[in-house]
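**Student:** Questions regarding the structure given below will be posed in turn.
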Amino acid sequence: MPGRSLITKILVPMGMAAALGAASPVRGQFHIVPRQRLDSMANPALANGAQAMRFVAKRIETGPIGEDDGPKNYRFEWQNVGDKPLVITRITTTCGCAAPSWDRQPVKPGEKATVTVTNHPKGHPGSFTRKIFLFTQLAANAPTAILELSGEVIPSARPTYAYPHARGNLLLKQEAIHLDPQLKAVERIECLNGGNDTLRIGVDTRILPPASGPDSSPRCSDRERSAS
C-alpha cells in the first residue's frame, strides 16, 4: 500500500538517527545553575512578617576552634517585637555538624528567647560558614530568619577518629585486605600511632599465606616498618 510504504520510508531514517545518537558520546549533559538561582537558595526570601523576630546578632564569629576541642554551644538571642505570638516550628542548617536546639513554646509579644547552635568541629577542619534557617508559623516554606555561624577549625595533629580499628596504640583505617590470587598487587593499610611512644611495626612471615612466583617473599621498607 502506498501509505504504508511512505510510513516505512519515514520511520527507517528516524530509527537510524536514534541509533546513531545512542552510539555517539553523550555531551553537554551538565546543567548550569544560574547565579541568581544559587543566591536564592543560599538567601531565600523571608516570610511575611519576619521583622517581628528581632535578633541581637544574626551572625556569630567563633574564632579559631581546635578540631579536638569538642562541641561548643553558641546562643542567638531574639525578641518578639510583633503583636502576635511566634512559634519556631523547625530549624534547618547547611551542615549536620551544626545542631540547633530551641524552646518549642510560643513566644509572646515582648518576650525574649534563644536559639542554641552546637557546633561539632571533629571531622570538619578548615574555614566554615554554617547557615541556620528558622521557620515559624508565619510560613511553612519561607524562613522567618537566617542566622550564620562562621569561623575556622584548626586541623587535629592526631585525627584518631579516622582510624576506627585499634590494636593497642596502633590505630588502623582498615583491618583486612583482599587480594586476587591470580594477580600481583600491592595493598597498604594506613595506620596512626595513637600513643605517645614510638611504635615499631614488623611483619610475622610465619602467618602469611603461601605465595607463588619468583619473588614470593614479603618485603617491607624501613619507612613501612616504623611509625612514629
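The values are calculated or read from the model by the stated rules, or taken from the named source; none is laboratory data. The structure displayed is predicted, hence computed values, not measured ones. Ideal geometry is used to build each Cβ from the backbone, glycine not excepted, and the neighbour counts take in all protein chains shown. The accessibility values were calculated without ligands, DNA or RNA, using every heavy atom of the protein model including side chains. Shrake-Rupley method; radii C 1.70, N 1.55, O 1.52, S 1.80 Å.
**Student:** Residue check, PRO164 against (1) free of Cβ contacts under 8 Å to residues at least 24 places away in the same chain; (2) surrounded by 13 or more Cβ atoms within 10 Å (Cβ to Cβ), all met but one. Which one?
**Tutor:** (2)
Listed here are the residues, each with its yes/no results for (1) in a strand (DSSP E or B); (2) open to solvent by 30 Å² or more (accessible area, probe 1.4 Å).
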{"residue": "ASP68", "(1), (2)": "no, yes"}
{"residue": "THR89", "(1), (2)": "yes, yes"}
{"residue": "ALA113", "(1), (2)": "yes, no"}
{"residue": "SER127", "(1), (2)": "yes, yes"}
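**Student:** Here is a follow-up. When the residues of region 167-190 are filtered to those that are part of a loop (DSSP other than H, G, I, E, B) and among the charged types (D, E, K, R), which remaining residue is surrounded by the most Cβ atoms within 10 Å (Cβ to Cβ)?
**Tutor:** Going residue by residue through region 167-190, those that are part of a loop (DSSP other than H, G, I, E, B) are 168-169, 173-190.
Of the ones still in play, those that are also among the charged types (D, E, K, R) are 173, 175, 180, 184, 187-188, 190.
Details: LYS173: 13, GLU175: 10, ASP180: 7, LYS184: 11, GLU187: 8, ARG188: 9, GLU190: 11.
Per the criteria, the residue is LYS173.
**Student:** Show the residue pairs meeting these rules: Cβ distance below 7 Å; 6+ apart or different chains; first residue within region 179-200 and more than 26 Å from ARG158 (Cα to Cα); second residue among the aliphatic types (A, V, I, L, M) and open to solvent by 100 Å² or more (accessible area, probe 1.4 Å).
**Tutor:** Between residues of region 179-200 that are more than 26 Å from ARG158 (Cα to Cα) and residues that are among the aliphatic types (A, V, I, L, M) and open to solvent by 100 Å² or more (accessible area, probe 1.4 Å), the close pairs are ALA185/LEU179.
**Student:** Right, next: Hey, ASN48 hits all of (1) part of a loop (DSSP other than H, G, I, E, B); (2) polar (S, T, N, Q); (3) at pLDDT below 95 but one; which does it fall short on?
**Tutor:** (3)
**Student:** Here is a follow-up. Name the residues in region 95-126 that are under 14 Å from GLY151 (Cβ atoms) and free of Cβ contacts under 8 Å to residues at least 40 places away in the same chain, would you?
**Tutor:** Narrowing region 95-126 to residues under 14 Å from GLY151 (Cβ atoms): 95, 97-98, 117-121, 124-126.
Selection gives CYS95, CYS97, GLY126.
**Student:** Among the residues of region 130-161, how many are open to solvent by less than 70 Å² (accessible area, probe 1.4 Å) and in a strand (DSSP E or B)?
**Tutor:** Qualifying residue count, region 130-161: 15.
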